[in-house]
Amino acid sequence: MGQQMATTPPERLMARPAAEPHGETGAPLWHALPHHDVAHHLGVTADGLSGGEASARLARHGPNRLPEPPRQHPLLRFLAQFNNMLIYFLLAGALAAWLIGHGVDAGVILAVVLANAIIGYVQEGKAEEALRAIREMITPHATALRDGQRVSIGAHELVPGDVVLLEPGDRVPADARLMRARGMRIDESVLTGESVAAEKHEEPAPEAAALGDRHSMAFSGTTVAAGQGAAVVVATGVRSEIGRIGKLMAEVEPMATPLLRQIDGFARRFTWLAFGGAALLFGFAVAFRGHDWADALIAVVALAVGVVPEGLPAVITITLAIGVRRMAARNAVIRLLPAVETLGATSVICSDKTGTLTRNEMTARRIFVPEGEVEVEGGGYKPEGRIVWTGAAKAGAATQAALPLIRAGLLCNDAQLRREADHWSVEGDPMEGALVTLAIKAGLDPAAERSSWIRRDEIPFDAAYRFMATAHEGPGGEKILFIKGAPEALLPRCGADPALWGAHVEAAAGHGERVLAERAKTVAQLPERLGFDDANEGFRFLGLVGFIDPPRPEAVAAIAECHSAGIEVKMITGDHAATAVAIARQLGIAEEPLAATGAEVDAADDEALVGIARRISVFARTSPENKLRIVRALQSTGAVVAMTGDGVNDAPSLRQADVGIAMGRKGTEAAKQAAEIVLVDDNFASIVAAVREGRTVYDNIRKMIAWTLPTNGGEVLCVIVAILAGALMPMSPAQILWINLVLSATLGLALAFEPTEPGIMQRPPRPAKAGLLSPFMIWRIVFVSLLFLVAALGLFQLSLARGQGVDLARTIVVNAIVVMEIFYLFNVRYIRGSSLTLTGVVGTPAVIAALVVVVMAQFAFTYLPLMQEIFLTRPVALLDGIMIIGVGVALMGVLEVEKLVLRRLGLFAAENI
C-alpha cells in the first residue's frame with residue numbers, strides 16, 4: 001500500500017489548491033476538496049507525518065478519544081431521588097403514622113419511599129452509559145504511515161494529517177479523506193442507518209452532499225466492508241462525526257414522561273391542599289370546639305392518614321413492572337419503567353425504514369427482459385415464490401425467458417446463502433444474495449452451477465466504474481463474459497434501446513427499487529487477464545433486475561392500527577427520497593406521502609420546521625441534527641413522540657424523544673443505552689403491540705387512582721364532618737391505616753393485572769398536557785366519597801342508637817368500608833362499560849386471590865382476640881354482617897346506574913380514561 005501511494009508525485013500532493021470550500025464553521029469541507037489539496041492543507045506527503053510532527057499535533061489537538069463527562073457523586077445522585085413532592089407527602093404520612101404509635105405502618109411507608117429511590121437511582125445515568133458506548137466506537141488500533149513506514153499505533157494517537165491504511169474488516173479510526181480507494185465499500189449504518197454498504201472513491205463529492213453521499217470520506221466508527229484504500233485523517237475525537245453526535249447527546253436534556261409530570265403536578269397540589277386543610281381543621285377544633293390540643297392533633301393525624309395514599313406509589317411501580325413483563329413477551333425490553341406508560345400516550349411514531357418497517361432483506365422483485373416484464377413472488381432470502389409474466393398472460397414460461405439473466409446474476413456473484421432452521425441469511429452483498437435466491441426460485445442449484453461454469457478471472461466491483469465482470473468456461477467448453485452493474489454504466493455500447501430501457505429503469509425506481517443491469521458476451525478465447533478493454537464492446541444486453549427491501553407484512557397491519565388509534569407514523573431514513581416514498585406508499589403511511597430531505601430540513605428555521613414536521617410523512621437523507629430538530633419540532637406541537645433508531649447517529653434523537661426505541665438485533669450499543677425501550681426483533685409491529693400494552697398500563701393506573709382516591713375521600717370526609725360537628729370519629733387513626741394499607745396491597749394491586757379493554761386502540765391518544773384527574777375522575781371522587789360518607793356515618797349513628805357501643809360501631813363502619821371498596825373494585829374494573837357481565841362479576845385470578853386475602857384479613861381484624869386488642873374491635877353479629885353486605889350491593893347498584901346514564905348522555909366518548 002505504501003509503495004502504491006508513493007507513485008503519486010509529492011509535488012502533486014503538495015500542489016496549491018485553487019479554492020477551498022468551507023462550511024459555516026469555517027472548517028474546510030474535506031469531502032469537496034481534491035485529495036491532494038487536502039494533503040497540502042494538512043501538510044502531509046506520501047510518507048505520512050514524521051514522528052516529531054505527529055507528537056506536536058497530538059499536543060495541539062489532543063488524543064483521538066471522546067472526553068469523559070463529569071459525573072455526579074453517587075450519594076448526591078441517590079439523595080436527589082427524594083427531591084419530589086409526592087415523596088415529601090409520603091414522608092409526612094410516615095411521620096403521622098409514627099406520631100400515633102404505629103411504627104410498623106411508618107416503616108412500611110418508609111420502605112415504599114426507599115424502594116422508589118433505589119429504582120430511580122439504578123435507572124438513572126443512562127446518558128453516561130450512552131456516551132461511554134459512543135466513546136467505545138473509536139477503534140483501539142490503527143495502521144498508519146509514519147516516516148514512510150507502515151506502523152500500528154493506538155487510535156488515540158492519531159492526529160489530523162496522519163495517513164491511515166484501510167482494509168476489509170477494519171474499523172475506521174478517525175474521520176478521513178480518501179486518497180486512494182479500490183473497490184471500497186464501507187458500512188456506515190451506525191451513522192446513516194442505511195443497511196447497504198456505501199461505495200467509496202477518491203473523487204471529490206459535491207459541497208452540499210449529505211453525510212450518506214460523501215463518497216470521498218471514511219468516518220470514525222464505520223466498518224470497511226470491501227476493498228482497500230488509504231486516507232488522510234481530517235478530524236479526531238470530539239471534532240469527528242461521532243464526537244459531534246456525542247456532543248449533541250450531552251446537550252439533550254432527558255424528557256420527563258407524561259405520567260411523571262402528571263403525578264408531580266398532582267402531588268404538589270394535593271400536598272398543599274392536605275396540609276392547608278389539616279392546619280385549618282386543627283385551628284377550628286382548638287379554637288371553636290374547645291378540644292385539647294393533643295386530641296385535636298390526633299384527629300388531624302387521622303385526617304392525614306386518611307388522605308395520604310400510602311400504597312399508591314408502590315402499586316404504580318408494580319403496575320409498570322407488570323407492563324414490562326407483558327411487553328417483554330411482545331419482544332419489547334423496557335429499560336426505564338415510566339416508558340411503559342409513556343408509550344400509551346404516544347401520538348407520533350418516527351420510525352427508521354430499513355429492518356424496522358422493512359425486512360432488511362433485499363429481494364429481486366421485477367425482471368425486465370427483451371420479451372417483456374417478469375414478476376418474482378416471495379420476499380426476503382427464503383427461496384420460495386413463482387416467476388411469472390406481469391400483466392396479461394403470455395405464451396411460454398417466464399422463468400425460461402429470464403433464465404440467461406438469472407444465470408448471469410448467479411455466476412457474476414460472490415454471495416452465499418446460509419440456512420439456519422427456517423431462517424435464511426446472506427454472506428456478502430445483500431443484492432448479490434437476492435440474486436442467489438432468485439436463481440434457486442428459477443430451479444438452479446448455485447453450487448452446481450458455479451462448479452460447472454468455472455470462473456477463470458474477474459474484475460471486482462469498484463465505485464469508479466460501477467460494475468463487476470467475470471470470465472467463465474462452461475460445461476460444454478463455452479467461453480463467456482458476464483457483467484452486472486449500474487444501468488447507466490452498462491446500457492451504452494451494447495445495442496440496447498436507451499429510451500426503452502431507460503423507461504424501465506424509471507418505472508422500477510418509481511416503485512422504490514434499486515436496479516441492476518446485466519449483459520453477456522460469448523468469446524472464442526478467454527483473455528489470460530480480464531481487463532477493462534474486454535468489458536466494453538460486443539456484449540448483448542440481457543435485461544434489468546429491480547430489487548426492493550420489502551415491507552414487513554405485519555408492519556402494514558400495525559400502521560393501519562396506528563391510524564385507527566389516532567397515532568401518526570413518520571419515516572425518517574438515510575435512504576433516498578424516491579425509495580423511501582415508494583416504501584411509505586406500500587406501507588400505507590399515507591396515500592400520497594410527502595417527502596423532505598435533510599437538506600430541506602437544514603434550510604428551514606425552527607418555526608418553519610414545525611409546519612414541515614406536521615405535514616411531511618417521509619424524511620430522507622437525514623443527519624443526526626435533522627432527526628433531533630424534527631423530534632423537537634413535533635414535541636413543540638404538544639405531540640408525544642416515540643423515536644426508533646439503531647445507529648450512533650440516532651442516539652441524540654432517541655434521548656430527546658419522549659420514548660426512545662432502539663433495535664435489539666442491528667442496533668449499536670450507543671443507541672440501546674440512549675433508548676428507554678429495546679426491540680428484540682427490530683419489528684415495527686412490536687412497537688404497536690407495546691403501545692397497546694402502554695395504554696393498558698395507563699388504564700390500570702387510572703382505575704387504581706379512581707378506586708383509591710374516592711375511598712380515601714370517604715374516610716377523610718368522615719373525619720372532617722366529625723370534627724366540624726364536634727362528634728365522635730367513626731374510625732380511629734389506627735383503623736384508617738389498617739384499611740388503607742391492607743386494601744392497597746391487595747385489591748389495589750389486583751387492578752394492575754387487569755386485561756386490555758375492548759376498543760383500546762380505537763381511542764385517540766390522550767393529550768400530553770392532560771391532567772391526572774379528568775372531569776369524570778373528579779366527579780367520581782366527589783360522588784363516591786359522598787356515598788361512602790353517608791353509608792359510614794349512617795351505620796355509625798345507627799349502631800350507637802342501638803346501644804352497641806363505640807368500639808362495635810367503629811368495627812361495623814370499618815367492615816362496611818372494606819365491603820364497599822370490594823364492590824366498588826368490581827365496578828371500577830370497567831369504567832366505561834357495565835360490570836354486570838359474567839366476566840365482570842367473576843373477575844380475574846388476581847382479583848379473586850385479593851378478595852380471598854381481604855376477607856380472611858377482615859375476619860381476623862374482627863374476630864381474632866389479638867387484633868381486637870390492637871385495633872379495639874368487637875365481634876359483628878350475623879344480621880349486622882348481612883346489613884354490611886347489603887350496603888355494598890346498594891353502592892354497586894347506584895354506580896352502575898350512574899355509568900348507564902353517562903353512557904346514554906354520550907359523556908364517555910369525550911372522556912380520556
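Applying the criterion of at least 1 residues that are modelled with pLDDT of 90 or more to the helices (runs of 4 or more DSSP H) found wholly in the range 36-124 leaves 51-61.
Give just the number: which of (1) in contact with a Lys or Arg (Cβ under 6 Å, 6 or more places away or on another chain); (2) at pLDDT 90 or above; (3) closer than 30 Å to Ile760 by Cβ does Gly546 not satisfy? Answer for Gly546: the failing condition is (3). Within the range 439-464, residues that are part of a loop (DSSP other than H, G, I, E, B) sit with their Cβ atoms under 6 Å from residues that are at pLDDT 95 or above, at 6+ positions apart or across chains, in these pairs: Ala442/Ile406; Trp453/Leu411; Trp453/His472.
On inspection, Ile548 fails the criterion of being in contact (Cβ under 8 Å) with a residue 24 or more places away in the chain, among the β-branched types (Val, Ile, Thr) and over 23 Å from Ile406 (Cβ atoms). Applying the condition of being closer than 18 Å to Val286 by Cβ and in contact with a Lys or Arg (Cβ under 8 Å, 6 or more places away or on another chain) to the range 701-728 and asking which residue is surrounded by the most Cβ atoms within 10 Å (Cβ to Cβ) yields Ile723.
Listed by position, the strands (runs of 3 or more DSSP E) inside the range 139-199 whose residues that are in contact with a His (Cβ under 7 Å, 6 or more places away or on another chain) number at least 1 are 149-154, 175-187.
Where helices (runs of 4 or more DSSP H) fall entirely within the range 746-860, those with at least 2 residues that are out of contact with any Cys (no Cβ under 9 Å at 6 or more places or on another chain) and touching a residue at least 40 places away in the same chain (Cβ under 8 Å) are at 775-801, 806-828. Of everything listed in (1) surrounded by fewer than 16 Cβ atoms within 10 Å (Cβ to Cβ); (2) without any contact (Cβ under 8 Å) to a residue 24 or more places away in the chain, the single unmet condition for Ile870 is (2). Every condition in (1) under 14 Å from Val234 (Cβ atoms); (2) buried (at least 24 other Cβ atoms within 10 Å of the Cβ) holds for Met179 except the one numbered (2).
Taken as a whole, the condition of being farther than 19 Å from Leu717 by Cβ and either surrounded by fewer than 20 Cβ atoms within 10 Å (Cβ to Cβ) or not assigned by TED's automatic domain parsing to the domain that holds Pro875 (or both) does not apply to Leu793.
Scanning the range 205-213 finds no residues that are at pLDDT 85 or above, touching a strand residue (DSSP E or B) at 6+ places or on another chain (Cβ under 6 Å) and outside any strand (DSSP E or B).
Would you mind stating whether Ser216 is farther than 19 Å from Ala577 by Cα, in the same structural domain as Gly148 (by TED's automatic domain parsing) and either among the basic types (Lys, Arg) or modelled with pLDDT of 90 or more (or both)? Yes. Here is a check on your reading of the model: is Val190 farther than 28 Å from Ala603 by Cα, in contact with a Ser or Thr (Cβ under 6 Å, 6 or more places away or on another chain) and aliphatic (A, V, I, L, M)? The answer is no for Val190. Contact map, the range 583-602: residues that are at positive phi and in the same structural domain as Val631 (by TED's automatic domain parsing) paired with residues that are at pLDDT 90 or above and not β-branched (Val, Ile, Thr), Cβ distance under 8 Å, separation 6+ or inter-chain. Pairs shown: Gly588/Ala560; Gly588/His563. For the range 495-530, a tally of residues being over 49 Å from the mean Cα position of the chain (by Cα) and either aliphatic (A, V, I, L, M) or at negative phi (or both) returns 10. Within the range 369-412, being closer than 29 Å to Asp681 by Cβ and buried (at least 20 other Cβ atoms within 10 Å of the Cβ) holds for Val376, Gly379, Gly380, Tyr381.
Okay, residues lined up against (1) modelled with pLDDT under 85; (2) in contact with a Gly (Cβ under 9 Å, 6 or more places away or on another chain); (3) among the acidic types (Asp, Glu); (4) more than 17 Å from Leu747 (Cα to Cα):
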residue: Thr844; (1), (2), (3), (4): yes, no, no, no
residue: Val847; (1), (2), (3), (4): no, no, no, no
residue: Met856; (1), (2), (3), (4): no, no, no, no
residue: Ile870; (1), (2), (3), (4): yes, no, no, yes
residue: Gly886; (1), (2), (3), (4): no, no, no, yes
residue: Glu898; (1), (2), (3), (4): no, no, yes, yes
residue: Ala910; (1), (2), (3), (4): yes, no, no, yes
residue: Ile913; (1), (2), (3), (4): yes, no, no, yes
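Val876 fulfils the conditions (1) assigned to a loop (DSSP other than H, G, I, E, B); (2) at pLDDT 85 or above; (3) surrounded by fewer than 17 Cβ atoms within 10 Å (Cβ to Cβ) except for a single criterion, (3). Considering each residue of the range 471-489 in turn, none proves to be at pLDDT below 85 and at positive phi. Elements of the type helices (runs of 4 or more DSSP H) sitting completely within the range 260-352 and holding at least 1 residues that are of a type in the set (D, E, K, R), crowded, with 24+ Cβ neighbours inside 10 Å and modelled with pLDDT under 75: these cover 338-345. Among the residues of the range 503-527, the ones that are at pLDDT 90 or above, of a type in the set (Gly, Ala, Ser) and in a helix (DSSP H, G or I) come to 1 in all.
The values are calculated or read from the model by the stated rules, or taken from the named source; none is laboratory data. All of these numbers come straight from a predicted model, not from anything done at the bench. Using ideal geometry, Cβ is built from the backbone for each residue, glycine included, and neighbour counts are taken over all protein chains shown.
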